[in-house]
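Reading through the C-alpha cells given below for one structure.
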Amino acid sequence: MVHGTVIQAVYHFSCRHSIGKYVIHDNNDENLMLKFSHDGDASAFDVLYERHKAPLFRYILKQTRHNHAVTEELFQEVWSNLIRAREQYQPSARFSTYLFQIARNRIIDHVRRVSTRPVNDPETGHEDIASPDNHSPDQHAHTADCIEQLQTHVSRLPNEQHETFILKHEGEHTLGHIAEITGVTLETAKSRLRYAMKKLRELMPEECL
C-alpha cells in the first residue's frame, strides 16, 4: 500500500518553508506534530505517518464497507487536510484523536456527497481476528467462515455502534478517545460498544465465539 503523493507533498512543503526550530525532547505523537507544524520537519511527519497509516486505513476501509477506491481517496484527503491545517494544531488532545476526528469528518462529508450508505464488498480476511498459520485445512475453513460471518454482522450494525466497534477493534482506541473522536460522552461510547458486542454475540454461532 503506497501513498507517495502524501509524502511528496510534505517534502515539497518542508523544502519551501524555513521556520524557527521547535526543540523537542520526546518523540511522542504530540511533540512530533508540533515539530512538523512549527518547523516543517518532514522527518517528524514521516514518523507520524508510519505510526498511524495502518490503523487509519483500516478504520476508513471498515467505515466505507470495504470500498477500496473510496478508502484510498479519503485516506489521501485526511493526510492532505492534516498538512494544510498544520499551523492550527494545538496539543489539547492526543494526536491520534485529532487525526481520527479529521477522518471521521471526511467520511461524513463523503456520505453526504453520495447521499447513500456505502455497500459492503464481499471481500474476506481480517488479520486481527485470527491467525491460521498452524491450523489444519478444516480449521482454516472454519476460521475463514467465522471471519466472514463476523465481518458481515459488523457491517450490518447500526452506524453509531459500527463506528464505535471499528474505532475500538481496528483503530485500537480507548473508550475515552472514542468519545472524543465521535463527540459523545464516555457513557454513550460505552453503551454503543456494549450494544454492539451484545448484538454480535447473539448473531455469531457459538463455535465462533
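Here is how the numbers come out for the structure above:
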read-out: Paramagnetic reach from Ala93 (point 7 Å along Cα→Cβ, amide N under 15 Å) across segment 29-62; value: 30
read-out: Value in Å of the Kirkwood radius, where segment 137-208 supplies the Cα pairs that are averaged; value: 12.9
read-out: Relative packing of 49-55, 159-165, which averages over residues the other C-beta atoms within 10 Å, highest first; value: 159-165, 49-55
read-out: Packing-based exposure ordering (other Cβ within 10 Å, fewest first) of Val154, Val70; value: Val70, Val154
read-out: In Hz, Karplus ³J(HN,Hα) per residue of segment 91-104 (6.51, -1.76, 1.60; θ = phi - 60°; x = Gly, Pro); value: x, 7, 9, 4, 4, 4, 5, 4, 5, 6, 5, 4, 4, 4
read-out: Per-residue Cβ neighbour rank within 10 angstrom, fewest leading, Phe100, Phe57; value: Phe57, Phe100
read-out: Fewest-first ranking of His38, His68, His173, using other Cβ atoms within 10 Å as the exposure measure; value: His68, His38, His173
read-out: Reachable lysines, given that their alpha-carbon falls under 22 Å from the alpha-carbon of Lys53 and they are not under 8 places away in the same chain; value: Lys35, Lys62, Lys168
read-out: Under Karplus coefficients 6.51, -1.76 and 1.60, residue-wise ³J(HN,Hα) of segment 67-72 in Hz, glycine/proline x; value: 8, 5, 5, 5, 4, 4
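Each value in this text was obtained by applying a stated rule to the coordinates, not by laboratory testing. Values in this document were obtained by computation on a predicted structure and should not be read as measured data. When we count neighbours, we look across all protein chains shown, and the Cβ atoms used for this are built from the backbone with ideal geometry, even at glycine.
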